[in-house]
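Visitor: Structure below; questions to follow.
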Amino acid sequence: MNILLTAINAKYIHSNPGIYALKAYADTFLREEDRRALHIATAEYTIHHRSDRIVADIYRKKPDILAFSCYIWNWSLIQEVLEDLHSLCPELTVWLGGPEVSYDPDRVLKQYPFVSCIIVGEGEETFLALCGQYLQNRDVLPLPLPGCVTPQGRGADRAPIEMDRLPFYYEDLTDFKHRIIYYESSRGCPYRCSYCLSSIDKSLRLRSTELVKKEVQYFLDESVKQVKFVDRTFNCNRSHALEVWRYIREHDNGITNFHFEISADLLGEEELELLCTMRPGLVQLEIGVQSVHSHTLREIRRSTRMDRLRANVLRLMAGGNVHLHLDLIAGLPYEDYQGFIHSFNSVYAMRPHRLQLGFLKILKGTYMQEMAEEYGMIYSRRPPYQVMATRWLPYERMLRLMQTEEMVELYYNSGQFAYTVAMLEKCFDSPFRLYEALAEFYERKGYGINGNNHPARMYRYRILLEFIRERDGDREEMYRELLTFDLYLRENMKTRPEFAPDLTPFREEIKQIYDQEAKSHTLLPAYETYNAYNARQLAGVTHLEVFRYCVTKKGNCEKLPGFLFAIFDYNERDRITGDAGVIPIYHQQEREAHTR
């Protein structure tokens, strides 16, 4: 019998730990003779695959049982695939699982009567039991075992699995090359956020720290690039978090990055001191702020000490060694447009490395779904069930927030325009108004997010410069230099951008700097050990730019009496931001104005 555990992910770099967990559990606990009779395989696709290509690939694999892991991002595509496969293979047994089908299984079974079983809740024990039942009599529809719903009825709920009973399923990393590793050290969540599926699982279960450390060490030994802990609130158990973080710091391999979702207001002095001693880039933290308004937080059953959250985030940002990702949600109850602007500006003032502006989704089985009508929420009935309007936020305003979110992604979260945007903010009442104005500019000009036949990044630079001319055109020369600085801070561009100053008058001085550096290695000492780079090689792996303006410690941009020569070193990048190292060389001299 062939069982195919199938996932459709949002991107290729993602993986679906659910199907690997089911396979590992069955392989571990099935009897030897049953393992010989079964062949359990996995298959992963992405939402960017055409449904007919997925159908063809599954058809060629000839499964007897097809099991799909169903989520809001893949359910629409899965339905297309299921309908076509049923037409081709009407005898194919289909099992479904995952949150998208767990909370209304009777409706799904009615809509798709060829589905034999829906696994609800944690699937490992149920999948194991289903395998055993089908081995006994594969021609009979399964009785409603605990943990599943079939056309014959609903089985009892299953008790939560002890975390240490779950086998480790990453012993072979062949299928995970160039992909993110997802790892769980706990299940459940002690909090009751009304929009979150984790609020339904009221039991918090921890994997023993000895097992976690052993498995983390495996990732370190294998030099895995990134491990994402999928624990809903990793630091809700303080001792567990501290022990894992200590181990990661003490056994750092200099390569692996660990991602955690945490509540920042739960961090105490011991955790903060520990995190601030991590190697830059060793850990990154995702922090769900969602809103800064106490009445909104109370309504969504979220307890947050905002003053402590802010203080802890600022402390971590000051440390400069931990990447911080902060989240907001638009469309929450009691938060109107002006209220959301206040939340945005409050979080933006913390200067996180990434500020994700998300939009409320009404997930099946949550308390938010129960309250949606009372909140006047209009939301899509198709996945991902995104809210379009509320009593407090009309659709027109929600559209403006969606457009503004695109600008935040392009011009803040990309990190590619940091100095230019920081200066441009000063022209607006608040940071939000800058991104709102950019969104309005894109709409008015009819610009798309990516230009046709243009490299996306340079297209955005050109639009930003056009926006600057309209908003602060008297200082265009300064902004051109800031754009040039931002560009070379991230990328050793060999094609000179049109907005950059002309370096022709400085060619001889630039050559002299590299000739001298090839002899002395005063400014770039590391390259003396890199096979003693000559001047031409140094110029190839770095970039030297000339500026007339300089950003002061107070954040102002002032014109210099002379010229600032700056070398961008791309082998000395910041481990958090990815910015090149910058070595300034100040020249006290004047030249005639040259083309910019």
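Visitor: Every residue in the stretch 148-165 that is within 18 Å of Glu125 (Cα to Cα) and surrounded by fewer than 19 Cβ atoms within 10 Å (Cβ to Cβ), please.
Guide: Arg154, Ala156, Asp157, Ala159, Pro160, Ile161, Glu162, Met163, Asp164, Arg165
Visitor: Residues of the stretch 478-513 being among the β-branched types (Val, Ile, Thr) and assigned to a loop (DSSP other than H, G, I, E, B), which ones?
Guide: Of everything in the stretch 478-513, just one residue is among the β-branched types (Val, Ile, Thr) and assigned to a loop (DSSP other than H, G, I, E, B), namely Thr495.
Visitor: Within the stretch 68-82, is even one residue buried (at least 21 other Cβ atoms within 10 Å of the Cβ) and either polar (S, T, N, Q) or within 19 Å of Asp157 (Cα to Cα) (or both)?
Guide: Looking through the stretch 68-82, at least one residue is buried (at least 21 other Cβ atoms within 10 Å of the Cβ) and either polar (S, T, N, Q) or within 19 Å of Asp157 (Cα to Cα) (or both).
Visitor: Let me ask something additional. Has the stretch 81-95 got any residue that is closer than 23 Å to Leu363 by Cβ, of a type in the set (Phe, Trp, Tyr) and touching a residue at least 40 places away in the same chain (Cβ under 8 Å)? So that I can check it myself, show each step before the final result.
Guide: We begin by selecting, within the stretch 81-95, every residue closer than 23 Å to Leu363 by Cβ; these are 81-82, 95.
Filter again for of a type in the set (Phe, Trp, Tyr), leaving 95.
Now restrict to residues that are touching a residue at least 40 places away in the same chain (Cβ under 8 Å): none.
No, the stretch 81-95 contains no residue that is closer than 23 Å to Leu363 by Cβ, of a type in the set (Phe, Trp, Tyr) and touching a residue at least 40 places away in the same chain (Cβ under 8 Å).
Visitor: Can Val94 be described as at pLDDT 95 or above, in contact with a helix residue (DSSP H, G or I) (Cβ under 6 Å, 6 or more places away or on another chain), in the same structural domain as Gln133 (by TED's automatic domain parsing) and of a type in the set (Val, Ile, Thr)?
Guide: No: the conditions fail for Val94.
Visitor: Being more than 23 Å from Leu363 (Cα to Cα) and either of a type in the set (Ser, Thr, Tyr) or in a strand (DSSP E or B) (or both) is the filter here; which residues of the stretch 147-182 pass it?
Guide: Gly153, Tyr169, Tyr170, Thr174, Ile181
Visitor: Has the stretch 466-477 got any residue that is assigned to a loop (DSSP other than H, G, I, E, B) and outside the structural domain of Val551 (by TED's automatic domain parsing)?
Guide: No - not one qualifying residue is present in the stretch 466-477.
Visitor: I would also like to ask the following. Filter the stretch 486-501 down to residues that are loosely packed, with under 14 Cβ neighbours inside 10 Å and farther than 15 Å from Tyr570 by Cβ and give me whichever is modelled with the lowest pLDDT.
Guide: Restricting to residues being loosely packed, with under 14 Cβ neighbours inside 10 Å and farther than 15 Å from Tyr570 by Cβ, the top hit is Thr495.
Visitor: Which residues, taken from the stretch 191-203, are surrounded by 14 or more Cβ atoms within 10 Å (Cβ to Cβ) and part of a loop (DSSP other than H, G, I, E, B)?
Guide: Result: Tyr191, Arg192, Cys193, Ser194, Tyr195, Cys196, Ile200, Asp201.
Visitor: Given the options Ala518, Ala532, Ala539, name the one that is of a type in the set (Gly, Ala, Ser) and touching a His at 6+ places or on another chain (Cβ under 9 Å). Give the steps one after another, and end with the answer.
Guide: Values: Ala518 fails: touching a His at 6+ places or on another chain (Cβ under 9 Å); Ala539 fails: touching a His at 6+ places or on another chain (Cβ under 9 Å).
Within the list Ala518, Ala532, Ala539, the selection yields Ala532.
Visitor: If you don't mind, there's one more thing I want to ask. Checking the conditions here, which among Val115, Val101, Val149 is closer than 18 Å to Pro63 by Cβ, outside the structural domain of Pro383 (by TED's automatic domain parsing) and not acidic (Asp, Glu)?
Guide: One residue alone meets the criteria, Val115.
Visitor: To continue, here is another question. Using beta carbons and a limit of 9 Å, which pairs, at least six apart or on different chains, have the first residue in the stretch 322-339 and of a type in the set (Phe, Trp, Tyr) and the second one modelled with pLDDT under 95 and surrounded by fewer than 24 Cβ atoms within 10 Å (Cβ to Cβ)?
Guide: From the stretch 322-339, no pairs qualify.
Visitor: On to the next question. Restricting attention to the stretch 545-596, and to residues there that are assigned to a loop (DSSP other than H, G, I, E, B), hydroxyl-bearing (Ser, Thr, Tyr) and farther than 20 Å from Ala422 by Cα, which single residue is modelled with the highest pLDDT?
Guide: Tyr570
Visitor: Need at least 3 residues that are closer than 27 Å to Pro167 by Cα and out of contact with any Ser or Thr (no Cβ under 7 Å at 6 or more places or on another chain) per element, so show me which helices (runs of 4 or more DSSP H) inside the stretch 1-120 make the cut, counting only ones lying wholly within it.
Guide: Helices (runs of 4 or more DSSP H) meeting the threshold: 17-29, 32-37, 99-102.
Visitor: Only one of (1) in the same structural domain as Lys225 (by TED's automatic domain parsing); (2) polar (S, T, N, Q); (3) at pLDDT 95 or above fails for Ser203. Which number is that?
Guide: In the conditions (1) in the same structural domain as Lys225 (by TED's automatic domain parsing); (2) polar (S, T, N, Q); (3) at pLDDT 95 or above, Ser203 misses (3) alone.
Visitor: Follow-up question, since we're still on this one. Return yes when Leu438 is surrounded by 15 or more Cβ atoms within 10 Å (Cβ to Cβ), assigned to a helix (DSSP H, G or I) and modelled with pLDDT of 95 or more and no when it is not.
Guide: Values: surrounded by 15 or more Cβ atoms within 10 Å (Cβ to Cβ): yes; assigned to a helix (DSSP H, G or I): yes; modelled with pLDDT of 95 or more: yes.
When the stated conditions are applied, Leu438 passes them.
Visitor: Kindly provide the set of residues from the stretch 46-99 that are closer than 22 Å to Thr150 by Cβ, within 22 Å of the chain's Cα centre (by Cα) and among the aromatic types (Phe, Trp, Tyr), ordered by number.
Guide: Hits for the stretch 46-99 are Tyr71, Trp75.
Visitor: A follow-up question, please. Just the residues that are over 28 Å from Val101 (Cα atoms) and buried (at least 17 other Cβ atoms within 10 Å of the Cβ), please, taken from the stretch 362-396. Before the answer, list the steps.
Guide: Filtering the stretch 362-396 down to residues over 28 Å from Val101 (Cα atoms) leaves 391-396.
Result: Trp392, Leu393.
Visitor: Phe467 passes all but one of (1) buried (at least 16 other Cβ atoms within 10 Å of the Cβ); (2) under 21 Å from Thr552 (Cα atoms); which number fails?
Guide: (2)
Visitor: For residues in the stretch 354-382 being in a loop (DSSP other than H, G, I, E, B) and of a type in the set (Val, Ile, Thr), which is farthest from Arg192 (Cα to Cα)?
Guide: Ile362
Visitor: What's the number of the condition Asp327 fails, among (1) within 26 Å of Arg305 (Cβ to Cβ); (2) in contact with a helix residue (DSSP H, G or I) (Cβ under 8 Å, 6 or more places away or on another chain)?
Guide: Among (1) within 26 Å of Arg305 (Cβ to Cβ); (2) in contact with a helix residue (DSSP H, G or I) (Cβ under 8 Å, 6 or more places away or on another chain), Asp327 violates only (2).
Visitor: Among the residues that make up the stretch 409-418, is at least one of them more than 22 Å from Met478 (Cβ to Cβ) and not in a helix (DSSP H, G or I)?
Guide: Of the stretch 409-418, the ones more than 22 Å from Met478 (Cβ to Cβ) are 409, 413.
This time we only want the ones that are not in a helix (DSSP H, G or I), so: none.
Within the stretch 409-418, not a single residue is more than 22 Å from Met478 (Cβ to Cβ) and not in a helix (DSSP H, G or I).
Visitor: Every residue in the stretch 502-527 that is surrounded by 16 or more Cβ atoms within 10 Å (Cβ to Cβ) and in contact (Cβ under 8 Å) with a residue 60 or more places away in the chain, please.
Guide: Glu509, Ile513, Leu523
The values are calculated or read from the model by the stated rules, or taken from the named source; none is laboratory data. The structure presented is a predicted model; accordingly, all values stated were derived computationally and were not measured. Neighbour counts run over all protein chains shown; Cβ positions are idealised from the backbone, glycine included.
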